[in-house]
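Encoded as structure tokens, the structure appears first; notes follow it.
Rule-based calculations on the coordinates, nothing more; no lab input. Since this is a predicted model, take the numbers as computed values, not measurements. For neighbour counting, all protein chains shown are included, and Cβ atoms are generated from backbone atoms with ideal geometry for every residue, glycine included.
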Amino acid sequence: MKKLWTLVTVIGLSFILAAQPAAAAGFPDVPKTNRFHDEINFLVGKNIISGYTTGKFQPKKDVTRGEAAIMVGRMLDLNGTKRATKFKDVGKNYGASGYIASAADRKIINGYPDGTFRPNEKISRGDMAMILERSFGIMAGSYGRFSDVGHHMNASTAIFEMAGAHIVTGYPDGTFRPTANVTREQFSVFLARGLSTEFKQRTLNKDGYAYDLTKTYTYAQPKGELQVAYKKVTIKPAEVTFHGYLWEFKDTGDGSVYHLDQRETKDGLYMVHPLSEAEKELIYPVKLNTKWQPGMDFHERVTITGINKTVKTPYKTFTKAVEATNTNGNKSYFVKGIGRVKTVDKSGKMISELKSIQ
């Protein structure tokens with residue numbers, strides 16, 4: 001029975017390892033109505049994933065640990081040549097042995113205390129998050145939160161980081177379901193998001209007030225311009241060096257450069273300082289006269305003082321802006337799908353205003 005199961009597994013892996021020419025034209029079981037259609041075909045185009053000899057992709061099929069090693073290995077261009085591994089249940093003739101060996105050498109995947117890898121076991125969402133964290137090396141940025149992921153869990157940090165990086169998402173009920181299996185379409189979309197900012201952007205609320213991750217914003221200021229772009233950066237805010245994607249703010253006036261992350265939750269829009277506090281820019285739901293404390297200053301308050309305001313900027317005139325006024329009388333204006341478009345002081349003098357979006 002064991003030999004029969006091994007044979008079936010090897011055959012299954014051979015389907016994954018063999019690229020299918022028909023994949024370029026699309027899979028019959030991944031129609032355009034599939035919400036992950038674009039991500040799957042994006043990975044096919046990069047030869048990271050492929051279909052089966054039947055011509056199908058089987059998007060709902062659960063991913064095994066061996067299959068995960070293949071897909072991650074292809075993504076990272078690891079050596080997939082079949083060879084001996086350090087795991088007693090992964091021989092040199094096993095279809096995924098090369099990718100498993102390479103990923104283990106890079107410490108992307110681990111085995112079990114008994115010396116096995118268990119390539120045929122289905123991978124959980126929690127284990128998947130840890131593999132993605134090691135693959136992409138993302139450390140900077142803010143964290144996501146889920147009601148069923150506690151800090152004591154082995155995969156919690158990876159889950160929080162991958163959610164903060166717009167790579168993994170949870171379910172409408174606020175859970176992540178870390179012990180649930182991962183399907184081929186789910187694994188594909190997570191890989192695609194790690195490789196493409198365009199797919200990260202699709203995780204954002206379309207009716208929200210966050211910046212568009214794919215755009216570069218330029219703001220006019222009294223002295224110079226402020227350029228804002230979502231970039232992969234390396235920063236050292238403390239004694240530890242961090243790598244990841246953050247919003248880079250470059251002031252051409254004084255030459256300063258700083259990095260922030262932006263998070264949008266059901267409670268509001270936040271700008272997050274790496275290894276520091278978060279400042280709430282806007283409170284949700286957006287209602288006139290709603291007040292909130294934006295940061296650590298207990299005396300500071302911001303109030304929504306206008307909705308559907310008309311605001312003129314060098315970029316364009318907006319007619320549905322939200323006006324937020326702070327304790328000092330400064331007013332900031334936010335527009336759905338764009339973010340902050342203008343800030344003026346209490347006398348109406350311009351502090352910054354949107355000049356272009358590219």
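Could you sort the peptides 49-56, 106-113 by per-residue average Cβ neighbour count (10 Å cutoff), highest mean leading? Write down the numbers at each step before the final one.
Details: 49-56: 18.2, 106-113: 15.1.
Answer by packing, highest mean first, reads 49-56, 106-113.
Taking each full run of DSSP H in the chain as one helix, which ones are at least 20 Å long along their axis (Cα atoms) and have mean Kyte-Doolittle hydropathy of at least 0.5?
Numbers: long enough: 2-17 (22 Å, 1.51).
Those that pass (Cα extent of 20 Å or more, hydropathy at least 0.5) are 2-17.
Name the shape class, rounded, prolate or oblate, that the alpha-carbon gyration tensor gives for region 216-357, where a ≥ b ≥ c are the square roots of its eigenvalues, rounded holds for a/c under 1.5, and otherwise prolate holds if a/b is larger than b/c and oblate otherwise.
Details: a/c = 1.73, a/b = 1.26, b/c = 1.38.
Note, shape of region 216-357 comes out oblate.
Search the structure for amide H atoms under 5 Å from the amide H of SER352, placed 1.01 Å from N in the peptide plane, and list their residues when 5 or more places away or on another chain.
Correct list: THR343.
Work out the charge dipole of the chain with +1 on the Cβ of Lys and Arg and -1 on the Cβ of Asp and Glu about the Cα centre, then indicate which of SER256, TYR112, TYR333 is farthest towards its positive end.
It is TYR112.
Within 15 Å, Cβ to Cβ, of GLU300, how many net charges do the neighbouring residues add up to if Lys/Arg are +1 and Asp/Glu are -1? Let's see the in-between values first.
On the way: positive: LYS280, LYS291, ARG301, LYS331, LYS346; negative: GLU277, GLU279, GLU281, ASP297.
It works out to a net charge of +1.
What does the charge dipole of region 216-357 about its Cα centre add up to, to the nearest 20 debye, if the Cβ of each Lys and Arg holds +1 and the Cβ of each Asp and Glu holds -1?
Details: 22 positive and 16 negative charges, 141 e Å.
Dipole of region 216-357, to the nearest 20 debye: 680 debye.
Can you work out the Karplus-derived ³J(HN,Hα) for every residue in region 202-208? Use 6.51 cos²θ - 1.76 cosθ + 1.60 with θ = phi - 60°, whole Hz, and x for glycine or proline.
With coefficients 6.51, -1.76 and 1.60, one gets 5, 7, 7, 5, 5, 9, x Hz.
About the Cα centre of region 156-208, how large is the charge dipole given +1 on each Lys and Arg Cβ and -1 on each Asp and Glu Cβ? Please answer in debye to the nearest 20.
Values: 6 positive and 5 negative charges, 20 e Å.
Here region 156-208 has a charge dipole of around 100 debye.
Show me the ranking of peptides 126-138, 259-271, 158-170 by mean Cβ neighbours inside 10 Å, starting with the highest. Intermediate results must be reported in sequence, preceding the final value.
Details: 126-138: 21.5, 259-271: 18.4, 158-170: 23.2.
Ranking, from highest mean packing down: 158-170, 126-138, 259-271.
Take the alpha carbon atoms of region 304-333, find their center, do the same for region 54-97, and report the distance between the two centers in whole angstrom.
With region 304-333 and region 54-97 each reduced to a Cα centre, they are spaced 53 Å.
Given points 7 Å out from each Cα along the Cα-Cβ axis, report the THR290 to LYS223 separation in nanometres with one decimal.
The answer from the label model is 3.7 nm.
Could you rank the peptides 346-353, 98-105 by their average count of other C-beta atoms within 10 Å per residue, with the highest value first?
On the way: 346-353: 12.4, 98-105: 23.4.
Top of the packing list down: 98-105, 346-353.
Quick one: dipole size for region 135-282, taken about the Cα centre, charges +1 on Lys/Arg Cβ and -1 on Asp/Glu Cβ, in debye to the nearest 20.
Values: 16 positive and 18 negative charges, 83 e Å.
Using only the charged Cβ atoms, the result is roughly 400 debye.
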